[in-house]
Amino acid sequence: MEKSSMISGFYKLSPKERVKLVKEFADLTDEEAATLQSTGALPLELADRMIENVVGAFQVPLGIAVNFLINKKDYLIPMAIEEPSVVAAASKAAKMARDGGGFYTSSTGPIMIGQIQAVQVKDPCAARMRILGAKEEILKKANDQDPLLVSVGGGAKDLDAKVINAINGQMLITELHVDCRDAMGPNAVNTMLEAVAPSIEKITSGRIYLRIISNLATKRLARAWCVVPKEAVGGEEVVEGVVQAYAFAAADPYRAATHNKGILNGVIGVVIATCNDHRAVEAGAHAYAARNGHYGSLSVWEKNENGDLVGSIELPMAIGIIGGAIRTHPIAKIALKILGVKTASELGEVLAAVGLAQNLGALRALAAEGIQRGHMRLHARNIAIASGATGDVIDIIVEKMVEERKIRMDRAKELMDEYNKNGKL
Ligand code: MEV
């Protein structure tokens, strides 16, 4: 009989019952079903409350990047990531930056933008004026929704409105600027938007559709910069190579996408470790990289008068240290404690520094030696493990593959067979 994915009431089942169904559907072995349910530090009941239809928890390695000096303060950086070399590269780059005094940072306030879409507005330009004129009343209504946020200094602070030319005509977009303090803020912002939407509808005599936070958080920017002495980075040639790599990314979106991916390797590792919304941060970063109508680099690398390397970065940082899963996920709580950040803005600034370090690590490796040298050994290790090697045999297989420059699964399997037959290579 054909198996069907139409399962009514799946959500009402317990995780165990769901696993039973998935096991049957996908022909999982008993061992696979058990592995699926081993949730590590995240209790299954907690996971089941976090999202829907839970059957287990997905674990990725958590590493600590070291050597970070940010605004003269030492930080250990927890990173959750599956990719080898990222944590090592961040640590190495942070050490180079440390030789020049480490990273310095700043940020704007923690202001998120929420949008309200009004369509079929007969006089959109005049309606825009009416909305701007009603600013105080709209802000008050918004702030009435969240007295707690207001009591800690946050809340709706400003309002803007713009007429946009959509493919089906003009629309009037009202934007609420909400200071979210230490929360990422979607719940607070979306609640405010929904509360003020009827007033906007009345003022514009249009029809309201979307009321939703924007992930292009241009009023919640984090910045970091550093000076890396040329000796620390590997000499004048390497400085020149990094500056050339930046120029390439600034001019070419194909390179910029990879350059920015390297930055996000670091940023997202920490965002995941702290159980923040990494999709929001990534969407914001890429949109920000295209803010001038051309997708470019999020970072800048220059050479100063001494020939040292100067890096800087600015990116939107929609993250929090309270709310959502941040304070419920046991590992996220510990990750935040390791970071020792006191505010969401501080976390944002640390993230900017980590992104810049990660970028430096990648560009330096690319400019100086090619990325494969560093990646090779770790990649070989993963392949050796996947081919069945355990304990000391892993290193034996890795050494052989690196020596032969043949880092492939088929070769790892051949070597494993040879080792199993002869007890050596
Ligand atoms: C790999 O995950 C990231 C890099 O490709 C970044 C870059 O090319 O700048 C090494």
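The values are calculated or read from the model by the stated rules, or taken from the named source; none is laboratory data. Values in this document were obtained by computation on a predicted structure and should not be read as measured data. Here Cβ is always computed from backbone atoms with ideal geometry, including for glycine, and neighbour counts include all displayed protein chains. For the accessible areas, the whole protein counts, side chains as well, though only heavy atoms, and no ligand, DNA or RNA atoms are used. Shrake-Rupley method; radii C 1.70, N 1.55, O 1.52, S 1.80 Å.
Just a few scattered comments:
- Close pairs (8 angstrom Cβ cut-off, 6 or more residues apart or separate chains): under 26 Å from Gln120 (Cα atoms) and free of Cβ contacts under 8 Å to residues at least 12 places away in the same chain in region 167-182, open to solvent by less than 10 Å² (accessible area, probe 1.4 Å) and among the aromatic types (Phe, Trp, Tyr) anywhere: none
- Filtered residue count, region 342-365, keeping only those that are of a type in the set (Val, Ile, Thr), more than 16 Å from the ligand (Cβ to nearest atom) and in contact with a Phe, Trp or Tyr (Cβ under 8 Å, 6 or more places away or on another chain): 1
- Enumeration of residues in region 88-136 that are assigned to a loop (DSSP other than H, G, I, E, B), more than 21 Å from the chain's Cα centre (by Cα) and under 30 Å from Ile208 (Cα atoms): Gln120, Val121, Lys122, Asp123, Ala134
- Residue tally, condition farther than 20 Å from Thr218 by Cβ and either of a type in the set (Val, Ile, Thr) or touching a residue at least 40 places away in the same chain (Cβ under 8 Å) (or both), over region 114-130: 8
- Of all residues making up region 36-86, the number that are within 30 Å of Ile263 (Cβ to Cβ) and either polar (S, T, N, Q) or within 16 Å of the ligand (Cβ to nearest atom) (or both): 15
- Among residues of region 216-232, those that are closer than 19 Å to Gly154 by Cβ and either free of Cβ contacts under 8 Å to residues at least 60 places away in the same chain or not hydroxyl-bearing (Ser, Thr, Tyr) (or both), counted: 5
- Contact annotation: residue pairs with Cβ atoms under 6 Å, 6 or more positions apart or on different chains, pairing a residue in region 38-50 that is open to solvent by less than 60 Å² (accessible area, probe 1.4 Å) with a partner that is hydroxyl-bearing (Ser, Thr, Tyr), are Ala47/Thr39.
- Boolean, Ala318 is touching a helix residue (DSSP H, G or I) at 6+ places or on another chain (Cβ under 7 Å) and open to solvent by less than 50 Å² (accessible area, probe 1.4 Å): yes
- Hey, Val55 in contact with a Lys or Arg (Cβ under 6 Å, 6 or more places away or on another chain) and either open to solvent by less than 50 Å² (accessible area, probe 1.4 Å) or in a helix (DSSP H, G or I) (or both) or not: yes
- Of all residues making up region 332-365, the number that are aliphatic (A, V, I, L, M) and either touching a helix residue (DSSP H, G or I) at 6+ places or on another chain (Cβ under 6 Å) or surrounded by fewer than 18 Cβ atoms within 10 Å (Cβ to Cβ) (or both): 11
- Count of region 258-291 residues which are open to solvent by 40 Å² or more (accessible area, probe 1.4 Å), within 16 Å of the ligand (Cβ to nearest atom) and either over 21 Å from Trp225 (Cα atoms) or touching a residue at least 60 places away in the same chain (Cβ under 8 Å) (or both): 2
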